[in-house]
Every structure is written in C-alpha cells, then in structure tokens.
Amino acid sequence: MSVLNKQIVLANRPNGMPSLDTFRFVEQEINEPAEDEVLLRTLYVSVDPYMRGRMHDAESYIAPFQLNEVIEGGSIGEVVTSKSEKYQPGDIVIGMFGWQTYYTAKEEEVRKIDPSIAPISTHLGVLGMTGLTAYFGLLDIGKPTEGETVVISGAAGAVGSVVGQIAKIKGTRVVGIAGSDEKITFLKEQLHFDEVINYKTATNMKKEIEKACPNGVDVYFDNVGGEISDAVLSKLNRFARVPVCGAISSYNLEKIDVGPRVQTTLIKKSALMQGFTVGNYAKRFPEGAIQLGQWLQEGKLTYRETIREGFENIPNAFLDLFKGNNIGKLLVKVSDRQNDQ
C-alpha cells in the first residue's frame, strides 16, 4: 500500500504543562492484516484529561505511555481490509488504537458499533467511556435521591454535562460549576441546571456555593479538585457522598498539590469520599450502555461535542483541555467514512 501511516508519539515526559514539543509526528509503512486481523482507517480520536497522567513514568491505575510509542486512546475506525470472519470492509469499530491514521488490529481488540443508533462520534462520548463514567460514578457512589442537591465541578465538560443530566433524571436539584459565560449559558439553557457558578468571576467560592446550595450539598461529583473542591467540601451535608472522578486542576502542577485537610469534614459529616475509574465497572458496561442509549432515544439525555478537524491538530486539541476551550466531549475528526466521500 502506497499510503503511509501517520502517528503521534510521546517525544518526552513533560514537567508541568505539556507543549507541542511533548509530541512528535512520525510515519511508517502500513502493516497488512494477517489471519483474524483487520486494517482500520481512523475516523475519530478522543483526547482526554487522564492522558496527562499517563505521560508520567509512575505507577497508577493504568500503565504510562512509553517514549517514542503511539499515544494510546479511544478511537473509532472504518474497516478497510478484513481477514476476520467477524468484520467486513465498511464496518465501523471502536478500540484503543489511539493517535494514528491507520491501525492493524486483532479482531478481539475492537468491537463493532451500530451507526444507525446515533452519530458514531457519540460512542467516544455520551454512549462511550464518558457516559459510562458519569453513569457509574454518580449512581453507584453518589446515589442521588429525589430532592437532594448535587453539585458538579467541570460541569460543562464531557463527563460533567452527562452527570448533571442524569442527576436531573433522578429528580435532584443540580448546581454546576464552570469557567465561562458560554458554558454557564449552555448548562442553564440547554441542560436545565438549577443553578450555575462561574468560578472565574466568583470572588468568594464558599459564599457562591452557600448561595446556590441553601440546603447544603448532598452529592459532590468532583472533576477538578483544588480550591473549587475545598469550597464545596466545606458545605457538605451529613451523610453526603463525593465521587472523585478527576483532579484536572493539579495535573500540570510542578509541585505536590497541598490544600485543606478533609478528614475532619468527613468525620463530622459522616460523609463518603471515594475515588474511582470507569474500568472498575467493566463487567457492568452493558447495563450502563443500555440505559444511556434508552435515555438518549427518549430525549432525556442530550450531548454536546467540540470537534476539531485534522490529524495534525490532535496535540493542540489535547492542550485545549487544560485551557477550558471545549464544551462537552472534545474529539478530533481524522477522516470521513468511505461512503461519505
């Protein structure tokens, strides 16, 4: 095949905020599929905050990226050539083949998705790991009940925007925290959050939380950590639940993040604070996927995507995550489906 596979690899391990120099573009020959393999052409790739953690050479819940290796992440591709009985050319599949334009996959590395259910990009967002993270984190750890107050940081992001909608489905009062007027409008007018707080214009977050949550906070879905979370945790009700999904405020710090100690608050309030990753719920993914799909079809769940165009723009899109330049799920469209061209 005359076409080369373009790849983005980790060039170095950043200290602090990554830059474009963190990544390097390379090209190599495309591997033709062997028995029980398929050749894929990438359509969409996902960029996610957790990828920043994988740039550290440190033990975590998932292995670090290796230097000079392709950045791994969720991707959607179209089968170009198949030597597998499970897949035919034109099938749309999802897997973790990451930031490259082509990939030769073993048949068990990917799974087929149905383009008729919803736009294929949603399988990297509201119907994929993003939606599942929101679903299990809120319902399994947060356990919201009707009439309670749920607060979400990073509320206009991929996970936070789904969390808020599920919380509304469960009959709770939903308060979102975000960082721009556009995001505040999105949460209030399109997702129907009850209250919203712009943390960038707030002069006193504790007072803003108290004003937005006159009856206190029963569930806090934490996506950001830092001073925002310090303010919310100070307003927890007795027996409150805190699912800890992310801590994006500290991902690029060059020193250890230090803040108020939470033990006294948790003891006084008999509150639960539990970190999690979506992989903890792998055996229950079908349950979550079915329910999310049903809510989407019923119009109870909507989604917003920020889609960048072009393989060469993947690093910039990733860096935008830490600048707050996206609403909803951030994706990069690499190419069109064959039958769309």
Fewest first, what order do Thr203, Thr264 take by the number of other Cβ atoms within 10 Å?
Thr203, Thr264
Under Stokes-Einstein, segment 110-239 at 10 °C and 1.306 mPa s, with its Kirkwood radius over C-alpha pairs, diffuses with a coefficient in µm²/s of 106
Residues meeting the amide H criterion for Phe276 (H placed from the backbone, H to H distance under 5 Å, 5 or more places apart or on another chain) are Val244
Using the Cβ atoms and a cut-off under 11 Å, what net charge is assigned to the surroundings of Thr145, where Lys and Arg are +1 and Asp and Glu are -1?
0
In segment 201-274, lysine pairs 8 or more places apart or on different chains with C-alpha atoms under 13 Å apart total 5
Over the chain, with a Gaussian network built from C-alpha contacts below 10 Å, which listed residue (Lys235, Lys300, Lys183) shows the highest mean-square fluctuation?
Lys300
Given an 8 Å cut-off on Cα distances and at least 6 residues of separation, report the relative contact order of segment 50-104 as a percent.
29
Here the alpha-carbon Rg of segment 254-332 over 2.2 N^0.38 Å rounds to 1.62
Gaussian network model of the chain, springs between alpha carbon atoms under 10 Å - residue of Ile152, Ile256, Ile327 with greatest fluctuation
Ile256
Taking neighbour counts of Cβ atoms within 10 Å as a proxy for exposure, in what order, fewest first, do Ile71, Ile177, Ile113 appear?
Ile113, Ile71, Ile177
Among rounded, prolate and oblate, which fits segment 1-134 when a ≥ b ≥ c are the square roots of the eigenvalues of its C-alpha gyration tensor, a/c under 1.5 means rounded, and a/b larger than b/c means prolate?
oblate
Across the chain, what fraction of all alpha-carbon pairs, as a whole percent, falls in each successive 10 Å bin from zero upward?
5, 25, 32, 24, 10, 3, 0
Listed residues Ser82, Ser180, Ser19, most fluctuating in the chain (Gaussian network, C-alpha, under 10 Å):
Ser19
Paired Rg and Dmax values of segment 172-258, which use every Cα atom, in angstrom
13.1, 39
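Laboratory data are not the source of any read-out in this text; all were calculated from the coordinates shown. This one's a predicted model, so the numbers in the text were calculated from it and none came from an experiment. With ideal geometry, Cβ positions are generated from the backbone for all residues, glycine too; neighbour counts draw on all protein chains shown.
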